[in-house]
C-alpha cells in the first residue's frame, strides 16, 4: 500500500470515528430527555407504584452503552489481528 493510499485510508477511518462520536451525544441527550419525561409521568400518575420506566431506561440504556463502546472504545481491525487469527486457526 502506498503512502497516499495509507493516508487516505487513515483519513477515512478518522472521519468515521469522528462521525460515530458526534452521533453519540444527540443519542445521549434524547435518552436523558425521554427517560426524564417517562419518570415524570410515572411520578404524576403512579407514584409509589411499580416503577415501570425501568424497562425503557434499562432496555434503551443497553443500546446506549453499545453505542458508546462503538464510538469511543472499539478499535479498527488491523492486518496484525487478521494474521494472528490465521495463525491461531492453523494451530487448532
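Summed over the range 63-85, the residues that are without any contact (Cβ under 8 Å) to a residue 24 or more places away in the chain and either surrounded by 10 or more Cβ atoms within 10 Å (Cβ to Cβ) or closer than 18 Å to residue 22 by Cβ (or both) give a count of 11.
State whether one or more residues within the range 33-43 are without any contact (Cβ under 8 Å) to a residue 24 or more places away in the chain and on the phi > 0 side of the Ramachandran plot. Among the residues of the range 33-43, not one is without any contact (Cβ under 8 Å) to a residue 24 or more places away in the chain and on the phi > 0 side of the Ramachandran plot, which makes the answer no.
Conditions tested, residue by residue: (1) within 14 Å of the chain's Cα centre (by Cα); (2) over 26 Å from residue 6 (Cα atoms); (3) at pLDDT 95 or above.
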position	(1), (2), (3)
30	no, yes, yes
58	no, yes, yes
64	yes, yes, yes
79	no, no, no
82	no, no, no
88	no, yes, no
92	no, yes, no
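The values are calculated or read from the model by the stated rules, or taken from the named source; none is laboratory data. Worth saying up front: this structure is predicted, and the values here are computed from it rather than measured. Positions of Cβ are generated from backbone atoms using ideal geometry, with glycine treated the same way; all protein chains shown enter the neighbour counts.
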